[in-house]
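Visitor: Let me begin by handing over the structure; questions about it come next.
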Amino acid sequence: MRLPALYLTSIICGFCMMALEILGGRFIQPIFGSSIDVWAAIISVFILSLSIGYVIGGRIADRARTNQPLGWLIIGAGIFYCLMPWYGTPFMEALGESVHTARWGVLLAALVLYLPPSLLLGTVSPILVKLVFTGADKVGSTTGMLYAVGSIGNVLGILVADYVLLKYVGLNANIFSMGVILGVLGVAHLLITIAATSPAAAAASQAPAAAVAVPGTTV
Amino acid sequence: MKAALIGITAMVAAAVTGYTLQDEPYRLRAAFQAADQAALDHRDSPYSNITWVASADENYLQLRFFDRVEGGVCLHPSWGELIALAGKDPHLAHLVPKPEDLPKLPAGPMWPYNWLPDPGTVSNSAYVRLFPAGVLLNQKVMAAAGGDWRAAAPRVMVIGLGSGIGIATLAHHFPKAAITVVDIDQAVIDMVRDHYPLMRWLTTQKLADGSPRLRFVARDARQYLQYDATREKAYDLIVLDAYTSGSTIPPHLMTREFFAQCAAVLDESGMVLANVIGSYERDPQSPGDKRLVTGGAVRTFRAAGLASVWNFPILSSNESPGSFNDTHQRNNIVIASRRKLGPHDNAAGWDRLRGFTLYPELPLGTWMTDSYILIDSEHSRYASAWVPASLLGATDAKLRARMEPEKNAPDAMTAPLSRRSSDRELMDQVFAAVAQTYLGHHLPLPKGWDDRGGANALERRESDWVAFARETFRVSVATAKDSNKHSGEALTGDLPEGRERDAMVPNWIIPDAPLFTDQMPNADIYNN
């Protein structure tokens, strides 16, 4: 059960991340339009937050003994998702009034709105790498599988958001529901403890996690 | 376990907060617009969020993308009023349905549930009033009609539907036109067909050759031009009016390759007419550089083989050809053709433009609106939103009597009629009346009416919508005719040597005008 649970976590986080990227464009459009600047801002912010998230997540992973920090980080992301329908539009409207260059306005909006939740989701991958790690002999296949699953979550997030969610569910409800799902996932990680393989075993396996390429950035 | 409880608590608190305090779906902040909420409930397009907004006070019905106006139709004269007028003027007969042909309205809840607007053909957006120029300048179509525009039978393609008012304007003036509308969004087509009865009816009407007067195609314009239009009869006019939110042109619809596709389906003497939002000169107070959009459109047309280009800048009501502000961002009607377009080469065409009257059958003085606006006269800018004078009740008549009609330059528009005043006491009275009316209805004040700080003058505008339309056409044509200053050559700095070149060189040449290609389709970037 341990691996499927961790893969499920990866797929849900990957889904929510990319769905937010797609929906995030529509969320910004009423204020800042739909030009290429909007997509440049959103994509750059998501990739930037992943990069920061990987560093932070990696450090947390080094110290983590169980999946508890993972639970907290996912709950954190869920909280941002849940609150975004509240502060998102008023914030952007205020920004639209005060920042007159659309290009900087939309970049600032994307930074404030999307950096925190996607950064928190970015920390998930390195921690999952530590949790799926059971021994040096399987490190390649387990982390590879983890990334593959996470990327499938990304793809589903993009396509389901575009083909299904946009059509049938309002933006607020969409983002809010993903927040609730993340919250449930996070709480589940707090309730069900998954212990990382012991540090001694990890040391013996020549620290495989360090050289792993970034997962989940395929846009 | 304790951690899980804290986690659950935090999550539930966030969920409750986010859910209960969530920002409502977009709501209009303007007041006194009919059936706002019902219209907003109709936002059902998966492609973009579109709604109809009606204001009887200000005489408009607008198709909007959130708060951005996508097109405006005057509510009056309504189609019903045009039909009534047709009894007196047979020239309007082509707009009169047989009783059995009256549009069947779709089943189910109607917008706005208790009232269906019945707009006619008079435009609330200024640039649309220039659309007929694309037919009047066409020597071949007009010659075939013996010079009578009512007999002209152009094949027209309109790319970008909006509210449909441009099509209504064309259908009003050219009863025999065959119009094909290409729009990427089926939802927009549905909105127009379901809530603009005249449009719905036009799709059922047939021309002498059996083709419909109006048909809608839900497709990307590039695809339609490439795969479908090439197999049809050549077009006499292609109107480019596709915009995304705000003033952004879809970049793939303003490239050399796209214009070449247009040229490929155009008749030899046909033309492309494009609505281009841009300026002639950089506005030092604005961050963008919209002159590059205007210049880029002109240069790109010329590069695509539509070598003769002429621009009709759409003047606003306080401008005249003599006071033309070249830094002002405005709608421009850019017309491009293989045939020479200029006043010297196409004198007959320009005579037709000069002699043309929009909506000649409609009486003046019948469909009027009055509004107030605050002005920052130091920077000659409007500092507030328009407020209908009718909201001020009896106060309005008293205030009006105290405001002198503004004296316009001799070549300026005579409609609408403006009255300006910087009388402090008068401004205070209007300010108080607006506050009282809106706050009395528990409505937020319209933009600019909560603080008079930036305003130092007041304008009262009386608009006769038919006269306004005629004047926009007349003054914009008069401006464009001004020597050669609005030709493609003049705008992009390629005036030929000799020919009194120096006298013709305008001060707004755009020598760095970009060429938009499929490799660099950047009309949207400059348009931000």
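The values are calculated or read from the model by the stated rules, or taken from the named source; none is laboratory data. As the structure is a prediction and not an experimental result, all values here were calculated from the model. With ideal geometry, Cβ positions are generated from the backbone for all residues, glycine too; neighbour counts draw on all protein chains shown. Areas reflect the complete protein model, heavy atoms only, side chains present, ligands, DNA and RNA absent. Shrake-Rupley method; radii C 1.70, N 1.55, O 1.52, S 1.80 Å.
Visitor: Need the full-extension length gain, B:Ala234 to B:Asp376, defined as separation in residues times 0.36 nm minus the C-alpha distance. One decimal, nm.
Guide: On the way: separation 142, 0.36 × 142 = 51.12 nm, distance 5.00 nm.
That works out to 46.1 nm of additional length.
Visitor: Using packing as a proxy for protection, rank B:164-174, B:439-449 so that the peptide with the highest average count of other Cβ atoms within 10 Å comes first.
Guide: Working: B:164-174: 25.6, B:439-449: 14.0.
So the peptides B:164-174, B:439-449, ranked by packing, come out B:164-174, B:439-449.
Visitor: Follow-up question, since we're still on this one. Cβ under 10 Å from B:Ser390's Cβ, B:Ser390 left aside: what net charge do those residues give with Lys, Arg +1 and Asp, Glu -1?
Guide: Details: positive: none; negative: B:Asp57, B:Glu58, B:Asp370, B:Asp396.
Result for the neighbourhood of B:Ser390: -4.
Visitor: Would you mind working out the accessible area per residue for chain B, using a 1.4 Å probe, and quoting it in Å²? The partial results should precede the final answer.
Guide: Numbers: 21440 Å² over 528 residues.
Result: 41 Å² per residue.
Visitor: Any residues in region A:146-178 that have 40 Å² or more less accessible area with all protein chains than in their chain alone, probe 1.4 Å, and which are they?
Guide: A:Asn172, A:Phe176
Visitor: Output the DSSP H helices from chain B with an along-axis C-alpha extent of no less than 20 Å and a mean Kyte-Doolittle hydropathy no less than -1.0.
Guide: B:2-21, B:424-440, B:465-481
Visitor: Cβ neighbours within 10 Å, averaged per peptide: list B:278-285, B:480-487 in order, most packed at the top. Display every interim value, and only then the final one.
Guide: Working: B:278-285: 17.9, B:480-487: 20.2.
Sorting B:278-285, B:480-487 by mean packing, highest first, produces B:480-487, B:278-285.
Visitor: Any lysines with Cα under 19 Å of the B:Lys485 Cα? List them, leaving off those in the same chain fewer than 8 positions away.
Guide: B:Lys290, B:Lys340
Visitor: Other chains near A:71-78: what is the mean number of their Cβ atoms within 10 Å of each residue's Cβ? Please report the intermediate quantities before stating the final value.
Guide: Details: counts 3, 4, 0, 2, 6, 4, 0, 6.
Mean number of neighbouring Cβ atoms from other chains: 3.
Visitor: Run the numbers on region B:140-275 and let me know its relative contact order in percent, using alpha-carbon pairs under 8 Å that are six or more apart.
Guide: 25
Visitor: Would you please put A:116-125, B:297-306, A:62-71 in order of how densely packed they are, using the mean number of other Cβ atoms within 10 angstrom per residue and starting with the highest?
Guide: Details: A:116-125: 26.5, B:297-306: 24.0, A:62-71: 17.9.
Top of the packing list down: A:116-125, B:297-306, A:62-71.
Visitor: Once label points are set 7 Å from the Cα along Cα→Cβ at both B:Asn456 and B:Ala478, what is their separation, rounded to one decimal in nm?
Guide: With each label point 7 Å from Cα toward Cβ, the separation is 3.0 nm.
Visitor: Any idea what the dipole of the protein assembly as shown comes to, in debye rounded to 20, about its Cα centre with Lys/Arg Cβ at +1 and Asp/Glu Cβ at -1? Could the numbers behind the result be given before it?
Guide: Details: 62 positive and 68 negative charges, 261 e Å.
In total the dipole reaches around 1260 debye.
Visitor: Count, for each residue of B:285-293, the Cβ atoms from other chains sitting within 10 Å of its Cβ, then give me the mean as a whole number. Mind dumping the intermediate values first?
Guide: Working: counts 0, 1, 5, 4, 0, 0, 0, 0, 0.
Across B:285-293, the average partner-chain Cβ count within 10 Å equals 1.
Visitor: To continue, here is another question. Measuring from a point 7 Å past the Cα of B:Glu268 along Cα-to-C-beta, which residues in region B:334-356 have an amide N at less than 18 Å?
Guide: From region B:334-356, the list is B:337-341, B:346.
Visitor: Set the Förster distance to 51 Å, then compute FRET efficiency between B:Asp494 and B:Asp101 from the Cβ-Cβ distance, nearest 0.05.
Guide: On the way: r = 52 Å, r/R0 = 1.01.
Plugging the Cβ-Cβ distance into 1/(1 + (r/R0)^6) gives 0.50.
Visitor: Let me ask you something else. What percentage of the solvent-accessible surface of chain B, computed with a 1.4 Å probe over protein heavy atoms, is contributed by carbon and sulfur atoms?
Guide: Details: 11280 of 21440 Å².
About 53 percent, which is the carbon plus sulfur part of the accessible surface.
Visitor: A follow-up question, please. Separation between the B:Thr9 and B:Asp190 pseudo-spin-labels, each 7 Å from Cα along Cα→Cβ, expressed in nm?
Guide: In this crude spin-label approximation the distance works out to 4.8 nm.
Visitor: Express the accessible area of region A:2-211 per residue in Å², computed with a 1.4 Å probe while the remaining protein chains stay in the model. Show your work: numbers first, answer last.
Guide: On the way: 8590 Å² over 210 residues.
With all protein chains present, region A:2-211 gives 41 Å² per residue.
Visitor: For A:Asp37, B:Asp57, what's the largest-to-smallest order of accessible area, 1.4 Å probe?
Guide: Values: A:Asp37 20, B:Asp57 50 Å².
The ordering from most to least exposed comes out as B:Asp57, A:Asp37.
Visitor: Per DSSP H run of n ≥ 4, the term is -39500 (n - 2.57); total these for the protein assembly as shown, divide by its residue number, and report the mean residue ellipticity at 222 nm rounded to 500 deg cm²/dmol. Each step should come with its number before you reach the end.
Guide: Values: 25 runs with 324 residues, N = 747.
That calculation yields -13500 deg cm²/dmol at 222 nm.
Visitor: Would you work out which of A:Gly96, A:Gly53, A:Ile194 lies farthest towards the positive end of the dipole of chain A? Charges go on Cβ: Lys and Arg +1, Asp and Glu -1.
Guide: It is A:Ile194.
Visitor: Right, next: Which helices, taking whole DSSP H runs in chain A, have alpha carbons extending 20 angstrom or more along the helix axis plus mean Kyte-Doolittle at least 0.0?
Guide: On the way: long enough: A:2-32 (44 Å, 1.26); A:36-63 (41 Å, 1.36); A:68-98 (42 Å, 0.68); A:102-122 (28 Å, 1.56); A:139-160 (31 Å, 1.41); A:171-191 (30 Å, 1.75).
Both cut-offs are met by A:2-32, A:36-63, A:68-98, A:102-122, A:139-160, A:171-191.
Visitor: Further question: Which residues does a label at B:Ser286 reach in region B:361-400, if reach means a backbone N under 15 Å from a point 7 Å past the Cα toward the Cβ?
Guide: Answer for this model: B:380-382.
Visitor: Here's a follow-up. R0 = 56 Å: FRET efficiency of A:Glu97 with B:Arg354, Cβ-based, nearest 0.05?
Guide: Working: r = 44 Å, r/R0 = 0.79.
About 0.80, to the nearest 0.05.
Visitor: Here is a further query. Take B:Ala303 and B:His91, extend 7 Å from each Cα along the Cα→Cβ direction, and tell me the distance between the two endpoints in nm.
Guide: 4.3
Visitor: What length, rounded to one decimal in nm, is gained on full extension from B:Lys340 through to B:Ala144, with 0.36 nm per residue of separation minus their alpha-carbon distance?
Guide: Numbers: separation 196, 0.36 × 196 = 70.56 nm, distance 1.85 nm.
The span from B:Lys340 to B:Ala144 would gain 68.7 nm if fully extended.
Visitor: If R0 is 51 Å, what FRET efficiency do you get for B:Leu207 and B:Thr366 from their C-beta distance, rounded to 0.05?
Guide: Numbers: r = 31 Å, r/R0 = 0.60.
Computed FRET efficiency for B:Leu207 and B:Thr366 comes out at 0.95.
Visitor: Am I reading the A/B interface right? What is its buried accessible area, both sides, 1.4 Å probe, to the nearest 100 Å²? The partial results should precede the final answer.
Guide: On the way: alone 10460 and 22690 Å², together 30680 Å².
It comes to approximately 2500 Å² buried between A and B.
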